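Student: This is the structure I want to talk about, given as structure tokens.
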Amino acid sequence: MSRSILWHNAFIMALVTCPGFVDAHSHDDTALLSDPARPIKRRQGIVHQVIGNCGLTPFPLVPGDQPEYEKFLHSVLGECPCRDEGIHERTGDFIGKMPANISTLLGYNSLRVRLFGYLDRPLDAGERRLARKGIQDALDGGAIGVSIGLAYLPAVAADAEEISAIADVSPLLTVHMRNESTHVLESLDEMGAAVSSARARGSRCHLHISHLKIAGERNWPLWDRLLQRVLFWREELGITFDHYPFSFGSTGLAALLPPEFGRLPRKELARVHASAIEERFADTDWENYIHFAGPENLTFAGLTYWPHLNGTTLEGQNVAELIRDMVLSEPNPAILIKGQSDKVIDELLKLPFGCIGSDALPDVPEHPRLTSTFPEYLARMKRLGQTLEFAVDKASRLPRKIFGIRNEDEISIDRDSFRIGFSPA
């Protein structure tokens with residue numbers, strides 16, 4: 001077996017011990033402030049988490065300065081019981097409150113909001129210099145790299161030069177691509193080209209793709225071409241990726257709004273007529289969930305004031321009006337998105353340079369990613385006929401290498417059933 005894994009027989013049954021799992025794509029940023037042990041993750045064999053994904057972090061922000069952005073943050077990261085302490089102006093202050101088994105990325109979207117607000121255009125040369133300084137400050141404060149969410153405000157306005165400027169200074173760039181459905185091929189090439197440009201200037205930035213997928217049944221035939229592009233950029237740049245073993249995902253409900261409406265303050269959004277939002281649902285120039293998934297494959301979750309709609313789909317609803325009203329009034333509304341191919345997921349699981357991330361929203365228990373990502377991953381790898389050694393390498397060794405993790409905590413797994421025997425307390 002590989003020397004990268006230390007295997008030895010456990011005391012009972014058919015258990016073997018191996019390095020504990022790394023949740024390579026966690027959104028537990030604020031949940032950790034009130035629940036640092038996170039037993040909901042430990043029970044899955046997770047001993048280390050990488051937070052700060054998709055460009056969204058509760059730093060560096062001035063508390064109360066950007067209430068609309070804070071509301072969007074909470075829709076993804078969850079409502080922190082200690083909300084007044086949840087937003088941090090300095091990276092180091094936030095990281096100082098994290099347990100030792102946490103690695104933190106800087107969310108570029110949050111940095112951009114802090115520096116420029118909801119600036120709806122690419123940064124110019126002077127602004128890019130300010131952004132690079134902000135990134136360096138975060139790295140000096142303990143961040144391991146930068147994440148960007150190109151499907152989310154305000155980074156949706158970033159262009160190739162701006163993305164490349166991030167790669168100039170950060171040793172690691174993880175990206176929620178601009179589009180994971182209709183334009184997934186172009187979105188991957190956009191990132192590859194931007195990092196290639198920085199590499200040509202001497203950067204050694206590593207590119208990591210977040211939750212790689214093809215969303216929307218009509219887009220599944222793109223798989224062969226996507227695989228070719230992934231392998232090309234693997235050869236060119238050594239890219240890696242993470243993904244989860246479920247055919248549906250979730251995000252904050254506000255992500256269903258067209259960007260120009262999603263950035264509006266609540267008073268202005270309340271004045272937007274539903275027909276204007278409805279008209280934009282016909283366009284594909286943005287990551288349009290209504291278009292690629294269809295209302296019948298979008299399910300409400302995390303609702304407080306409309307609890308009777310949790311678990312129901314948008315089919316038959318006045319979609320634009322309902323989404324607008326929920327974003328205005330609900331504290332942390334979310335949406336479950338059914339639209340991935342099990343065949344594509346299986347093929348991704350076979351690639352040795354893809355690791356596993358839960359991508360779970362802490363306040364959305366309706367999605368099993370929060371409680372069952374790694375047990376489901378192991379079960380799926382067994383069904384695919386993959387070896388336990390290979391499965392553990394992807395979930396343990398690979399993310400440790402990508403993110404520079406030194407955590408050596410171990411877990412036990414039954415070598416016959418691929419079930420987790422026990423994990424650290």
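The values are calculated or read from the model by the stated rules, or taken from the named source; none is laboratory data. Bear in mind that the values here come from a model prediction, so they are computed numbers and not experimental data. Cβ coordinates were reconstructed from backbone atoms using ideal geometry, including for glycine residues, and neighbour counts include every protein chain displayed. Surface accessibility is based on the protein's heavy atoms, side chains included, excluding ligands, DNA and RNA. Shrake-Rupley method; radii C 1.70, N 1.55, O 1.52, S 1.80 Å.
Student: Over the heavy atoms of Glu260, what accessible area does a 1.4 Å probe trace out, to the nearest 10 Å²?
Tutor: That residue has around 50 Å² of solvent-accessible surface.
Student: Let me ask something additional. Per residue, how much accessible area does the chain show when a 1.4 Å probe rolls over the protein heavy atoms, in square angstrom?
Tutor: Numbers: 16780 Å² over 425 residues.
Result: 39 Å² per residue.
Student: Okay, next question. So which aspartates and glutamates pass the test for Lys401, namely a Cα distance under 12 Å, with those fewer than 8 places away in the same chain ruled out?
Tutor: Asp393
Student: What distance in nm separates the two pseudo spin-label positions at Leu237 and Ala100, each 7 Å out from Cα along the beta-carbon direction?
Tutor: 3.5 nm
Student: If you count, for each residue, the other Cβ atoms within 10 Å and average over each peptide, how do 267-275, 22-30 line up from highest to lowest? Could you put the intermediate results ahead of the total?
Tutor: On the way: 267-275: 12.0, 22-30: 28.8.
With the highest mean Cβ count within 10 Å placed first, the list reads 22-30, 267-275.
Student: Next question, about the same structure. Ordering Asp159, Asp416 by how much accessible area each has at a 1.4 Å probe, largest first, what is the list?
Tutor: If we order Asp159, Asp416 from most to least accessible, we get Asp416, Asp159.
Student: Would you mind getting me the FRET efficiency between Ala125 and Asp416? Use the beta-carbon distance for r and R0 = 56 Å, nearest 0.05.
Tutor: 0.40
Student: Would the chain count as rounded, prolate or oblate if I go by the C-alpha gyration tensor, calling it rounded below 1.5 in a/c and otherwise prolate when a/b exceeds b/c, oblate otherwise?
Tutor: rounded
Student: Only bridges with both residues in the chain count here: give the DSSP antiparallel percent, nearest 5. List each step's numbers first, then the result.
Tutor: Details: 18 of 39 bridges.
Just about 45 percent of them are antiparallel.
Student: Leaving out ligands, DNA and RNA, and with a 1.4 Å probe, what % of the accessible surface on the stretch 108-238 is carbon or sulfur? Intermediate results must be reported in sequence, preceding the final value.
Tutor: On the way: 2550 of 5080 Å².
The computed percentage sits at 50.
Student: Output the 0 to 90 degree angle, nearest 10, between the alpha-carbon long axis of helix 319-329 and the longest principal axis computed from the alpha carbons of the chain.
Tutor: Rounded to the nearest ten degrees, it is 80.
Student: Which distance in Å, rounded to a whole number, links the C-alpha centroids of the stretch 182-208 and the stretch 229-297?
Tutor: Cα centroid of the stretch 182-208 versus Cα centroid of the stretch 229-297: 21 Å apart.
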